[in-house]
Amino acid sequence: MAGLTSRQRLLAALNLQETDHVPCCFMSFTALRKRCQENMYDLARAELAMGLDSLLFIPAAPRPQRLDHPDLRGLPVRFHPAVRVEEWHEEAPGCHGVLHKEYITPAGKLTTGVRISDDWPHGDHVPFIDDYQIPRATKPLVAEPRELDALQYLMTPPQAEDVARFKQEAQRAHAFVEEHGVLLVGGWGVGMDMANWLCGMQNLMLLMMEKPDFVADLLEMIHVWNKRRMEVVLSAPVDLYIRRAWYEGCDFVMPGFYRDVIMPRLKAEADLAHERGAKFGYICTSGTKPMLDFYREAGVDVLIGLDPIQGTHTDMPLMKAKLGNKVCLWGGVCGAVTVETGGEEEVRSAVRQAIQTLGPRGFILSPVDNITVDAPLTWRNIDLFLDEWRKSWPA
């Protein structure tokens, strides 16, 4: 098995097969990505130069190009051509004012407002969906069943020009994968994360209890929209399709609701990926313990984001015992606490424990969920992380 490429090694792990050694692929590496000027192709080259296993994510449009959906990677989000959008700023006490946004659709208006704070990153613009606006919203965009008709006009299928552009990128991506031997990954799929962006976290939790049918209807709308987008990305084809599900753990969702409402749609998306020859990945870094059996039943191929420190309900021995013969596990070390701030033995011990607990077969080592701080301590600890990983390789 000597001389495996990153792609071969990662595919073997995803297939729960033996590899030459445990692969190490950072699920997200913002500090290095910024050094590469947000170029995903240059990022893959830089990771390979460090000795990491690497992947190429498509569509590769960076965050600055996703003005209306900065936290949803992938194909552009387009509105129906009949939609008009208006934004304006209003002075307000106790903050830098409120940004208002109104979507005028043939089925009515949708409105939202956001209190501006010092760390608001979008200037005078309010994205359609975004993490930053959830805690700052004076009113969520969607709160009532009657608003779903208008929302439909903001969730249109991929347009012909976007599909054509993606096909061109897929050709370039396949040539890059062939030359450099990296995993080709596509996405992102989305479910409850988008519902949280639209409704707000606290509001959505209450709606799941008080108006579960409304939330189910919203998730069905997102699911239909998401599958149309999936079909385009899976046409590349890709090795792995990923759904982001940071807000689908038990911190945000009751297991019963997950079983009855989320899991059937998740299974349908996993089935679609498998029909198109791709593995199906699922990013959830917290609140996974009550959901482990659901992941198996839904057909998830890899659970991405095992965080032993910041992730609640993260029981790595239990995860390996319940999922190890069915689902690949990706992560194992906390990025923000261990890699960005830890001491040498803390870093080395975390790497050893992750490999011993989750490896060797069906495991991909990574900090979870990101390395964002570009500082000397971070880079020193990355070197220690990689050194300890290499010590685990067979002689």
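The values are calculated or read from the model by the stated rules, or taken from the named source; none is laboratory data. Computed from a prediction, not measured in an experiment: that's the story for all the values here. We place every Cβ from the backbone using ideal geometry, glycine too, and count neighbours over all the protein chains shown. Remember, those area values only see protein heavy atoms, side chains included, never the ligands or the DNA or RNA. Shrake-Rupley method; radii C 1.70, N 1.55, O 1.52, S 1.80 Å.
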Q: For the chain, calculate the relative contact order in percent as a whole number, restricting contacts to Cα pairs under 8 Å that are 6 or more residues apart.
A: 19 percent
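Show me 33-45, 66-78, 187-199 ranked by packing, highest mean number of other Cβ atoms within 10 Å first.
Numbers: 33-45: 16.8, 66-78: 20.2, 187-199: 25.6.
So the order, starting with the most tightly packed, is 187-199, 66-78, 33-45.
Based on the alpha-carbon gyration tensor of the stretch 48-96 and its eigenvalue square roots a ≥ b ≥ c, which shape applies: rounded if a/c is under 1.5, prolate if not and a/b is larger than b/c, or oblate? Before the final figure, lay out each step's value.
Numbers: a/c = 5.69, a/b = 1.77, b/c = 3.23.
The shape class here is oblate.
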**Q.** Percent accessible area from carbon and sulfur atoms, the chain, protein chains only, probe 1.4 Å
**A.** 50 percent
Q: Compute the acute angle (0 to 90°) between the alpha-carbon long axis of helix 212-234 and the principal axis of greatest extent of the alpha-carbon atoms of the chain; round to the nearest 10°.
A: 60 degrees
Q | Per residue accessible area in Å² of the chain, where ligands, DNA and RNA are left out and the probe is 1.4 Å | A | 41 Å²
Q.
Quick check: the angle from helix 344-358's long axis to the longest principal axis of the chain, C-alpha only, nearest 10 degrees?
A. 90 degrees
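Once you sort the root eigenvalues of the Cα gyration tensor of the stretch 57-141 as a ≥ b ≥ c, which label holds: rounded (a/c under 1.5), prolate (a/b larger than b/c) or oblate (the other case)?
Details: a/c = 2.40, a/b = 1.22, b/c = 1.97.
Judged from the Cα gyration tensor, the stretch 57-141 comes out oblate (a/c at least 1.5, b/c at or above a/b).
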Q | Alpha-carbon centroids, the stretch 226-276 and the stretch 178-199: separation in whole Å | A | 10 Å
(Q) Roughly how far apart, in whole Å, are the Cα centres of the stretch 1-70 and the stretch 332-354? (A) 20 Å
Q. Is the stretch 305-395 rounded, prolate or oblate when judged by the Cα gyration tensor, a ≥ b ≥ c being the square roots of its eigenvalues, rounded requiring a/c under 1.5 and prolate requiring a/b larger than b/c?
A. oblate
